[in-house]
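Read the figures in this text as sums done on the coordinates, not as results from a lab. Fair warning: this is a prediction, and the values are worked out from it, not measured in the lab. Positions of Cβ are backbone-derived with ideal geometry, glycine not excepted, and every protein chain shown enters the neighbour counts.
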Amino acid sequence: MWTVWLWAKAIRLLVLTTFKPHVTHLYNQVSIKPGQRLHMVNQLYPYIVKFTEETSTPRSSAERIKPTKRPHEKSDNPANISTSSHTDHHAMNSGSPPQKKTQPPSSDKSESAGYWSQGLKVSMQDPKMQVYKDDRVVVIKDKYPKARYHWLVLPWDSISSLKVLRSEHCDLLKHMQHVGDRMVQQCPDAQKRNFRLGYHAIPSMSHVHMHVISQDFDSPCLKNKKHWNSFTTEYFIESQDLIAMLEADGKVTVKESTNELLKLPLRCHICRKEQSTIPKLKDHLSIHRSS
Ligand code: AMP
Ligand code: ZN
């Protein structure tokens, strides 16, 4: 009896969602409508759930996505991450080492990239990741923090990217900034630590999110030039600049050359001195911390 229960538990995957997922498993494809429940009971785990459509209405707590882990993921703790990189996006975001062993549970790379880029939608519903929430936004811990303090502020409204922002979102963005400021104020180290609040010009993860990040960049998850340059060049758009752009132009425009910023030489964000490698940059940063 006990074994049967365990077996049943192990193979049961329950997804609650307001999105319209396409569930692809082998040759079966199932479409469900927003608000419907999808119960997948089968021993042929894992499935790929693809979100192909987004709603603009906030989700109620009864319509939450059940948190799932990315393939091969073991722990939220950056120190314990032994996960792998499926795509460049993953490498850009996670700070986890490149993939060596198993392939993702998909025959198609772009499919797994798409799946992975939905991770914030899962994390924002996970009480363990949430540090603050109100009726408009939620703040979560960044799963691969690039500094000692690194949070993400997300609206409950499903806004896929900066591209879809319009003037009418300004109020929401101001609220996100206000909440970010409050996060900084409540931080015990706020006095001695600088923070920046802003957006990556070309985010890798779906669902608009504002970074609130301390400027120590003291984290094992900060591993490469892309990580560094995404927070220390114009690739990082200050929240207030984004709001100003939206108020002036009614939309957010990103220069075509923006991606090139990620290839710039490593330069200290405090004294602008160039560093040849990430380990040397990290050593250099520690000098600023102790001075
Ligand atoms: P970007 O899309 O470039 O603005 O950055 C996305 C941020 O999300 C990065 O700082 C990642 O470390 C972080 N991240 C990636 N996956 C997750 C996840 N599943 N939960 C929380 N944070 C995540
Ligand atoms: Zn320096």
- If you keep only loop residues by DSSP, which trypsin sites (Lys or Arg not before Pro) in segment 123-203 have at most 13 other Cβ atoms within 10 Å of their Cβ? Lys128, Arg166, Lys192
- Task: Compute the FRET efficiency between Gln186 and Val254 as 1/(1 + (r/R0)^6), taking r as their Cβ-Cβ distance and R0 = 41 Å, and round to the nearest 0.05.
- Result: 0.85
- Under the definition of Cα pairs under 8 Å and six or more residues apart, what whole-number percent is the relative contact order of segment 134-291? 25
- Which of Lys146/Lys280; Lys223/Lys251; Lys225/Lys251; Lys174/Lys223; Lys143/Lys226; Lys223/Lys282 exceed 21 Å between C-alpha atoms? The answer is Lys223/Lys251; Lys225/Lys251; Lys174/Lys223
- Within segment 138-291: Cβ-based charge dipole about Cα centre, in debye rounded to nearest 20 (Lys, Arg +1; Asp, Glu -1): 700
- Message: So if I average 1/r over every pair of distinct C-alpha atoms in segment 143-277 and take the inverse, what Kirkwood radius in Å does that give?
- Response: 15.6
- Note on the structure: With 0.36 nm assigned to each residue of separation and the Cα-Cα distance removed, Lys133 to Ile270 gains 46.0 nm
